[in-house]
């Protein structure tokens, strides 16, 4: 037996309600979209465990997109992870500065992107399926909540490319990460 469904998202249901329900930040509301992009050139022979701090976003960012690209590295596999900012002046608690967000931060955005050959710019959010921590239910969640934290720690998170599984051999190719988000 099959069925034909006609389903509405929460933002559409809110717009259809009487009285009208205004969608708020994080629940499909209109918000100012920010995008920050960066490139880094890994060095030849960078070992697994090498980290590349790509971009920094506020802890209350609602991440909508994480795009990734790489020139050929000869060999090399990257995860896209969430670390606490290492800044001493952006409101990040001193005890958290520069460390991966415990339990969920490693491979949160993407897992095991192979960069032996060039990788064209693609949407990496959730790449690696169950191995990545992010899933589609988090599209309207503040980053701190999506990471499983029970309260907003304040400050910022760094989006970090981590060399894992396979080390970079030739290096010298640029790696690019671009993050789109709204602030909630």
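A short reminder: the numbers here are calculations on the coordinates, not readings from a lab. This is a predicted model, so every value here is computed, not measured. Glycine also receives a Cβ, built like all others from the backbone with ideal geometry; neighbour counts cover every protein chain displayed.
Computed values, structure above
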quantity: Principal axis box of region 111-158, alpha-carbon based, largest edge first, Å; calculated: 40, 22, 16
quantity: Max mean-square fluctuation residue, GNM over the chain, Cα-Cα springs under 10 Å, options 149, 15, 43; calculated: 15
quantity: Selected from 160, 66, 99 as most flexible by GNM, with the chain as the system and alpha-carbon contacts under 10 Å; calculated: 99
quantity: Residue-span extension gain [residue 17 to residue 3] - 0.36 nm each, minus C-alpha spacing; calculated: 2.5 nm
quantity: Cβ crowding within 10 Å averaged over residues, with 137-144, 85-92, 123-130 ranked highest first; calculated: 137-144, 123-130, 85-92
quantity: DSSP-defined antiparallel bridges as percent of all bridges, region 31-183, nearest 5; calculated: 95 percent
quantity: Approximate spin-label separation residue 32-residue 120, in nm, with each point projected 7 Å along Cα-to-Cβ; calculated: 3.4 nm
quantity: Residue of 108, 122, 157 that the Gaussian network model of the chain assigns the largest fluctuation, springs spanning Cα pairs under 10 Å; calculated: 122
quantity: Cα-based convex hull, region 1-111, per residue volume (Å³, whole number); calculated: 221 Å³
quantity: The chain - mean residue ellipticity at 222 nm from DSSP helices (-39,500 (n - 2.57) per run, n ≥ 4, rounded to 500); calculated: -1500 deg cm²/dmol
quantity: Segment residue 130-residue 88, extension gain: residue separation times 0.36 nm, minus the distance between their alpha carbons; calculated: 11.7 nm
quantity: Normalised per residue, the volume of the convex hull around the Cα set of region 31-183 (Å³); calculated: 101 Å³
quantity: 19 Å reach of a label modelled at residue 47, 7 Å along Cα-to-Cβ, counting backbone N of region 57-94; calculated: 75-79
quantity: Residue 139/residue 95 FRET efficiency (R0 30 Å; Cβ-Cβ; nearest 0.05); calculated: 0.50
quantity: Rounded Å value of the spacing that divides the Cα centres of region 47-84 and region 163-181; calculated: 7 Å
